[in-house]
Amino acid sequence: MKNILWFLWAWVIFNIFIGIYEIYCYENRNVLNLETFPIWNSSIIATWNEYCRVDPRYVVKPYVWNFELLNAFYAFVFVFVLLYYPEGIVPLLLLEIISCSLYFLSLGYEFMVNECLYQTMLANSTITDRVLYYGISSIWIIVPVWLYISFTRSEE
């Protein structure tokens, strides 16, 4: 159980930094585009601009940012829950799993119903880009699932 708590704290701290990054990119979303890199080419924005190439919804469909802001919110709630209400960690992990799963489901749905969006993604990204960026995003399902299973088994 001690190793799981250590890993959970590492996950929470990592998520806080990612949450700050997501909020920063959200605040600067007006400079994201699929044609060129931002003029000031900040490495922070440039990396998100690259991510927009595998999920162009960030540029054309503002609702997708809600998933990022929700993830940032969870990161800060995790700290509160761990410090003051540790029993709440399992439901919070479940919410994180559901949120990221909904992101991927919405991505699949959008690509199925919007051929133009799908073709934009294909034109602006390589297979390697897609494997890399979708693989990175899947971490927000894989790690919480592992933690969720670990915590629910340790409670038995």
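The values are calculated or read from the model by the stated rules, or taken from the named source; none is laboratory data. Since we're looking at a predicted model, the values are computed, not measured. Cβ sites come from the backbone with ideal geometry, for glycine too, and all protein chains shown count toward neighbours.
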Exercise. How about the range 1-31: which of its residues are part of a loop (DSSP other than H, G, I, E, B) and either modelled with pLDDT under 80 or β-branched (Val, Ile, Thr) (or both)?
Worked result: MET1
For this session: Tell me which of these LEU34 doesn't satisfy, since it passes every other one: (1) modelled with pLDDT of 85 or more; (2) touching a Lys or Arg at 6+ places or on another chain (Cβ under 8 Å).
Result: (1)
Problem set entry | Residue list for the range 99-122, restricted to those being without any contact (Cβ under 8 Å) to a residue 24 or more places away in the chain and surrounded by 14 or more Cβ atoms within 10 Å (Cβ to Cβ) | PHE111, ASN114, TYR118
For this session: Might you let me know whether the range 87-95 holds any residue that is closer than 14 Å to ILE18 by Cα and of a type outside the set (A, V, I, L, M, F, W, C)?
Result: no
For this session: Tell me which residues, restricted to the range 123-156, are crowded, with 17+ Cβ neighbours inside 10 Å and within 19 Å of the chain's Cα centre (by Cα).
Result: SER125, TYR133, SER137, TRP140, ILE141, VAL143, PRO144, LEU147, TYR148
Exercise. Across the range 65-98, which residue is surrounded by the most Cβ atoms within 10 Å (Cβ to Cβ) among those that are touching a residue at least 24 places away in the same chain (Cβ under 8 Å), under 25 Å from ARG153 (Cα atoms) and of a type in the set (A, V, I, L, M)?
Worked result: LEU93
